Each structure stands twice: as C-alpha cells, then as structure tokens.
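Nothing in this text is a laboratory measurement; each read-out follows from the coordinates by a stated rule. Keep in mind it's a predicted model, so treat the numbers as computed, not measured. Cβ sites come from the backbone with ideal geometry, for glycine too, and all protein chains shown count toward neighbours.
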Amino acid sequence: MYGQRTRESTSGTRKIKAVVEYDGTRYAGFQQQPSQLTIQGEVERALAEVTQQRTKIVGAGRTDAGVHAKGQVVHFLTGWKRSLKELDRAFNALVSDDVAIREMAVAPSDFHARFSAVTREYRYTILNQEVRSPLEARYAYHHAQPLDEAAMRKALAYLVGTHDFSSFGQPTQGDSTVRKIVHASCFRGGTHIYVDLTANAFLRRMVRSIVGTLVLVGRGALSPVNVKEIFQARDRSLAGSPAPPHGLCLVRVNY
C-alpha cells in the first residue's frame, strides 16, 4: 500500500510530537531492546511502514515491562509530505491494537520529548477487595487484605519535595538519585485505591517501589513515619518490594 522499500529522509523533514496510549501487558517496556517486543520498536515499525522512512522515536519516559500509558509523549523526524491527519490515520490502521496515537502535531525544532518535559504524572491502581476481578486483572493490582488508605496518604506526604530517592529506585541515566515530587495523593474510590504521583522525573521502578512500601503501611506492617525513615536512609533494602507493573500507568507528560 505504501511501497516496499524503507529509506532515510535527507531533506524536508518535520519534527512531530505525538501522544501515545498503550497497553503494556505484552511488551518488554518502552525502550528498544534486542529480540524483545517493545513499544518503541512497535511504533517505529508502524511509522516506517507508513512513511517508508527509517524513523527513530524519542520518548518522554522509559516505562517498564508491563506498565501502561495513556499520555506517553514521543517525538520523531519525518519527511512524510502528506498531512498529519493522514499520517495519524495510517499509523493507527497499521500499528498493533494495543498501541494508538491519540494526538499528533508539528513541534518546534528545539522540542525534545524527554528533556523539554517539566513533570510526569503517574497513577497506580490497587483493587482492594477480597475477590479478584478477571476484568481488571491487566490494569489494577489486586490486594485482598484490607488497606488503610488514610495511613498510606499520611506516609506519602513525607515524600513531597526534593529528596534523594535512592531507597526507591535506580537512576535511568547518570548517577543522580535526587528527584522532585511536586504532587502526591492517595485516595479510595469504592474498592479501588489510587496513588497519584507527579515529579520532574522518576528513578527506575521508583513509583512501584513507593507503592509497594505504602501497601506495607496500609496493612499495618509499617507506620507512616517509617516511610520517611526509609527514604532518608538511602537504602533500597529497607523499602518494600516493587508493586506489580500492571497497576501502573503514565497518565500525562507536562511541558
């Protein structure tokens, strides 16, 4: 339909910003990995098929294996001469059913999906009821034991601000483990508990490790102040195990 050969574009390129939504269940994370199915690889495959140009995308965040996104942002260069509406429609027709571009626009030349981002917003969803839900099994972490969301919320408040979060994760690039959490909330909606975190950036597995530690607070195994002591100790062995990836979603990237 779009030809048989993939070629490099050498002129007339545009920088495109796109908002990507995906179900990360069957993917080994966002970032390209040899011999692994990844979001980056799938998006690049579909773009190349549509545009007949080898296209490399850059994402705002490197979500882990099994993590979902509603508002992942990517940028890429393309020599596609037709309208963005046609590119959007053709891409969504050819990409796998568990990936979609929600928005697409021409970006300024100095825009960078990762480095231009001011904050990232994540939501972790816990299904807190005795019986598991097959319909929610891909998108919410089922925890049968009752959780005290008020205690979890109190513990979470200690993490707001600029801190060394090495107790909760590893750097994705460089050596710094200092991050700034600008918003943190934990609230219940019926049988669901939602943990929302907004920060300038996150360490690898940081959100999931925080949630895993909050679950211990909700069960009464830790007190809220213990969470403050854990992150101040800068010792990963003191925090809870990371919560499962399928409860996590990258909701929005702000610029």
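Can you give me the angle between helix 84-94 and the longest principal axis of the chain, using Cα atoms only, in degrees from 0 to 90, rounded to the nearest 10?
Orientation of helix 84-94: about 70 degrees from the principal axis.
Starting from the Cα-Cα distance between D235 and F115, subtract it from 0.36 nm times their residue separation and give me the gain in nm to one decimal.
The span from D235 to F115 would gain 40.4 nm if fully extended.
In whole Å, how far is the Cα centre of the range 75-146 from that of the range 211-229?
One Cα centre to the other: 30 Å.
What distance in nm separates the two pseudo spin-label positions at S83 and N200, each 7 Å out from Cα along the beta-carbon direction?
That separation, rounded to one decimal, is 4.1 nm.
For helix 206-219, what angle does its Cα long axis make with the longest principal axis of the chain, in degrees from 0 to 90 and rounded to 10?
Approximately 30 degrees, to the nearest 10.
Would you please give the residues with an amide H less than 5 Å from that of T172, counting only those at least 5 places away or on a separate chain, with H modeled from the backbone geometry?
R204
Round to the nearest 10 and give me the degree value, 0 to 90, for the angle of helix 224-233's Cα axis relative to the longest principal axis of the chain.
It works out to around 60 degrees.
Please list the equivalent ellipsoid semi-axes of the range 14-106, computed as the square roots of five times the alpha-carbon gyration tensor eigenvalues, in descending order and whole angstrom.
The equivalent ellipsoid of the range 14-106 has semi-axes of 20, 13, 12 Å.
Working from the alpha-carbon coordinates of the range 119-254, get Rg over Rh, Rh being the Kirkwood radius.
Taking Rg over the Kirkwood Rh, I get 0.95.
Pick out, in residue order, every one of the chymotrypsin sites (Phe, Trp or Tyr not before Pro) in the range 96-165 that is DSSP loop and has at most 13 other C-beta atoms within 10 Å; say none if there are none.
Hits after loop and neighbour filter: F115.
Restricting to DSSP H runs of at least four residues, report the calculated mean residue ellipticity at 222 nm for the chain, -39500 (n - 2.57) per run over all residues, nearest 500 deg cm²/dmol.
Only helices count here, giving -7000 deg cm²/dmol.
Would you grab the residues whose amide H sits under 5 Å from the one on V73? Only those 5+ places off in sequence or on another chain, please, with H modelled 1.01 Å from N.
Hits under the 5 Å cutoff: V20, A60, G61.
Could you pull out the trypsin sites (Lys or Arg not before Pro) across the range 57-131 that fall in loop regions by DSSP (anything but H, G, I, E, B) with no more than 14 other Cβ atoms inside 10 Å?
K81, R82
For the chain, taking Cα atoms only, what is the radius of gyration to one decimal and the Dmax to the nearest whole Å?
19.8, 62
If you build the convex hull over the alpha carbons only and average its shadow over all orientations, what do you get for the range 39-164? Give it in nm² to one decimal.
Across all orientations, the range 39-164 yields a mean hull projection of 10.8 nm².
Tell me which GluC sites (Glu not before Pro) from the range 122-219 have a DSSP coil assignment and no more than 13 other beta carbons within 10 Å of their own.
Answer in residue order: E130.
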